[in-house]
1. Please state which one of Asp89, Asp34 is more than 14 Å from the chain's Cα centre (by Cα) and modelled with pLDDT under 95.
2. As an exercise: evaluate Pro152 against (1) part of a helix (DSSP H, G or I); (2) in contact (Cβ under 8 Å) with a residue 60 or more places away in the chain; (3) out of contact with any Lys or Arg (no Cβ under 6 Å at 6 or more places or on another chain) and give the number of the one condition it does not meet.
3. For Ala78, state whether it is on the phi < 0 side of the Ramachandran plot, part of a loop (DSSP other than H, G, I, E, B) and surrounded by fewer than 16 Cβ atoms within 10 Å (Cβ to Cβ).
4. Could you grab me the full set of residues in region 202-219 that are among the polar types (S, T, N, Q) and outside any helix (DSSP H, G or I)?
5. Is at least one residue of region 168-190 surrounded by fewer than 20 Cβ atoms within 10 Å (Cβ to Cβ) and touching a Lys or Arg at 6+ places or on another chain (Cβ under 7 Å)?
6. Can you name the condition, by its number, that Tyr72 falls short on among (1) in contact with a helix residue (DSSP H, G or I) (Cβ under 6 Å, 6 or more places away or on another chain); (2) surrounded by fewer than 21 Cβ atoms within 10 Å (Cβ to Cβ); (3) within 22 Å of Ala126 (Cα to Cα)?
7. What residue, of Cys131, Cys157, is in contact (Cβ under 8 Å) with a residue 24 or more places away in the chain, crowded, with 17+ Cβ neighbours inside 10 Å and not in a loop (DSSP other than H, G, I, E, B)?
8. Any residue that is of a type in the set (A, V, I, L, M) and assigned to a helix (DSSP H, G or I) - is there at least one of those in region 81-93?
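The values are calculated or read from the model by the stated rules, or taken from the named source; none is laboratory data. If you're wondering where the values come from, they're calculated on a predicted model, not measured in any experiment. Methodologically, a virtual Cβ is constructed for each residue, glycine included, from the backbone with ideal geometry; neighbour enumeration extends over all protein chains shown.
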Amino acid sequence: MRLQKLTFDDWLEHSFGREVRFQQAPWYFDPDHDWWDPPPVEAVSYVTRLFEDPEPALQGFADSQIAQGLSYLVNTSASGDNRWFCSTDVPVEDRVRCVKSVAALFTKLFEPRCAPSLSHLSEADAGTLNCVCYMWWDAFPSLAHAGDPDLPTLHDCALRTMERILHLNSIACQESALHGLGHWQRDYSEKVTQIIDRFCEAHSKADPRLLAYARSARCGCVL
């Protein structure tokens, strides 16, 4: 059933209050599940509000529930391809604010909660949020379609947001930003090269494995 009119608190419960099943597909893959389908303006507003200040909104939910809920909302392999973020019905300043809010989500949620592990090496001690963090820019929906006059603005904002995340004091967040930059290297090679070179210069004593991943991302060699 389509859910089009939910309060912010009801939306949080709908998205994050579900059981995390053991060795079973998440609830949002059930054939008869309810799904949130508001107008794009409302969707972007709710997501931005959550990302900008996630701690009070997500208080009381386990990390596993938060990981599941974020996947439901933004992962294109789940339900996160409802064209809210690329909708030209949403004012561009609201779309830009939403993209910028991702940096706040990383700062306030992923940085303190993610284990200091490298997901591209499949390290066993990674926490439940690490995978969502690592795959964030790989799984995030389109920000703008070809022909959208605001595409350059939104994409530049995304790259600047990745750079902000890249300088957080979290190896998991840094890896996530490098992963995203690696995927964007094909279309924005000059900007990606500059961002990664600045990072490597400023963090020359970082974990050698992270610096090796940065070099791979610099040429677009990430999975």
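1. Working: Asp89 fails: modelled with pLDDT under 95.
Answer to the selection: Asp34.
2. Exception for Pro152: condition (2).
3. Values: on the phi < 0 side of the Ramachandran plot: yes; part of a loop (DSSP other than H, G, I, E, B): yes; surrounded by fewer than 16 Cβ atoms within 10 Å (Cβ to Cβ): no.
So Ala78 does not fit the description; no.
4. First, the residues of region 202-219 that are among the polar types (S, T, N, Q): 204, 216.
Of everything in region 202-219, just one residue is among the polar types (S, T, N, Q) and outside any helix (DSSP H, G or I), namely Ser204.
5. no
6. (2)
7. On the way: Cys131 fails: crowded, with 17+ Cβ neighbours inside 10 Å.
On inspection, the qualifying residue turns out to be Cys157.
8. Here is the first cut: in region 81-93, the residues of a type in the set (A, V, I, L, M) are 90, 92.
The next check asks that each one be assigned to a helix (DSSP H, G or I); those that pass are 92.
Checking region 81-93: at least one residue is of a type in the set (A, V, I, L, M) and assigned to a helix (DSSP H, G or I).
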